[in-house]
Amino acid sequence: ARGMSPRLPFKAFDILIVDEMGKNISGTGMDTHVIGRARMPSLPESEWDGPDIRIVAVLDLTQPSHGNAAGLGLADLTTRRLIEKVDWEATFMNTRTSGEGGILKSCVPLILPTSDDCVKSAIGASGHGDHSQVRLVRIRNTADTQFLEISAALLDEARRNPSLRVSETSHTLDLCRPVRA
């Protein structure tokens, strides 16, 4: 089952941009194994299955979630658009029934006005003075990792990975365009 589960093809990188999270994607809104974060007090993050990602930004909440944003606390940054879709009563009910990690997984990340602001803030906080060195991955959601966008800093690593097919066409990051090949 683990071999068939969605995964990200890099062990460590600076920024993950997740276009959408939701209860129809994962019980925690974002699959904890994909993003490498559990936020469980009894489980050290260093032992959690998944990549080491410094900053996670989530941009939107799916409509089928009906406002339940349980798991939002797995992200570091989010958008006002996502926050305006949250049904706090549904989210808090889910949080109260989610055991020890429910509260941590439902904390509110830094809220930024737009998706562009979210991405720019993540890049600025990455610790790289030279933005061309930022290792960034963008996915539609954690259930759909078949197609992803990466920054130039990850390109050589992606080319060396036999399980990846790298498109040789590049483009600037366009958050209005969905992640697809």
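Regarding the stretch 151-168, can at least one residue be identified that is of a type in the set (Ser, Thr, Tyr), more than 25 Å from MET30 (Cα to Cα), in a loop (DSSP other than H, G, I, E, B) and modelled with pLDDT under 95? Break it down stepwise before answering.
Let us first name the residues in the stretch 151-168 that are of a type in the set (Ser, Thr, Tyr), namely 151, 163, 167.
Filter again for more than 25 Å from MET30 (Cα to Cα), leaving 167.
Okay, now just the ones that are also in a loop (DSSP other than H, G, I, E, B), so 167.
Filter once more, so that each one left must be modelled with pLDDT under 95: 167.
Yes, the stretch 151-168 contains a residue that is of a type in the set (Ser, Thr, Tyr), more than 25 Å from MET30 (Cα to Cα), in a loop (DSSP other than H, G, I, E, B) and modelled with pLDDT under 95.
Given the criterion closer than 17 Å to ASN24 by Cα and either crowded, with 17+ Cβ neighbours inside 10 Å or of a type outside the set (Phe, Trp, Tyr) (or both), identify the matching residue among GLY71, GLY99, GLY129. From the options GLY71, GLY99, GLY129, the qualifying one is GLY71. With respect to ASP87, determine if the residue is of a type in the set (Asp, Glu), open to solvent by 50 Å² or more (accessible area, probe 1.4 Å) and under 24 Å from ARG7 (Cβ atoms). It is false that ASP87 is of a type in the set (Asp, Glu), open to solvent by 50 Å² or more (accessible area, probe 1.4 Å) and under 24 Å from ARG7 (Cβ atoms). In summary, LEU175 fulfils each of the numbered conditions (1) assigned to a helix (DSSP H, G or I); (2) crowded, with 16+ Cβ neighbours inside 10 Å; (3) modelled with pLDDT under 95 with the single exception of condition (1).
Need the failing condition index for ARG138 against (1) charged (D, E, K, R); (2) open to solvent by less than 100 Å² (accessible area, probe 1.4 Å); (3) assigned to a loop (DSSP other than H, G, I, E, B), just the number. Of the numbered conditions (1) charged (D, E, K, R); (2) open to solvent by less than 100 Å² (accessible area, probe 1.4 Å); (3) assigned to a loop (DSSP other than H, G, I, E, B), the odd one out for ARG138 is (3). With the condition kept exactly as written, say whether any residue in the stretch 162-174 is within 19 Å of the chain's Cα centre (by Cα) and of a type in the set (A, V, I, L, M). Within the stretch 162-174, one or more residues are within 19 Å of the chain's Cα centre (by Cα) and of a type in the set (A, V, I, L, M).
Among all residues of the stretch 89-105, there is at least one that is at pLDDT below 95, in contact with a strand residue (DSSP E or B) (Cβ under 8 Å, 6 or more places away or on another chain) and within 21 Å of ALA125 (Cβ to Cβ).
Checked against the criterion of being more than 17 Å from SER126 (Cβ to Cβ), open to solvent by 10 Å² or more (accessible area, probe 1.4 Å) and touching a helix residue (DSSP H, G or I) at 6+ places or on another chain (Cβ under 6 Å), the stretch 9-23 contains one or more residues that satisfy it. Screening the stretch 147-172 for residues that are touching a residue at least 60 places away in the same chain (Cβ under 8 Å) and loosely packed, with under 15 Cβ neighbours inside 10 Å and picking the one that is farthest from ILE15 (Cα to Cα) gives SER163.
Of the helices (runs of 4 or more DSSP H) lying entirely inside the stretch 64-123, those containing at least 1 residues that are over 25 Å from PRO41 (Cα atoms) and either touching a Cys at 6+ places or on another chain (Cβ under 9 Å) or in contact (Cβ under 8 Å) with a residue 12 or more places away in the chain (or both) are 80-84. MET40 falls short of the stated requirement of being of a type in the set (A, V, I, L, M), free of Cβ contacts under 8 Å to residues at least 24 places away in the same chain and farther than 23 Å from VAL137 by Cα.
Residues that are more than 11 Å from the chain's Cα centre (by Cα) and open to solvent by less than 20 Å² (accessible area, probe 1.4 Å) within the stretch 27-44 comprise just one, ALA38.
The values are calculated or read from the model by the stated rules, or taken from the named source; none is laboratory data. All values reported here derive from a predicted model rather than from experimental measurement. Cβ sites come from the backbone with ideal geometry, for glycine too, and all protein chains shown count toward neighbours. Only protein heavy atoms, including side chains, enter the accessible area calculation; ligands, DNA and RNA are left aside. Shrake-Rupley method; radii C 1.70, N 1.55, O 1.52, S 1.80 Å.
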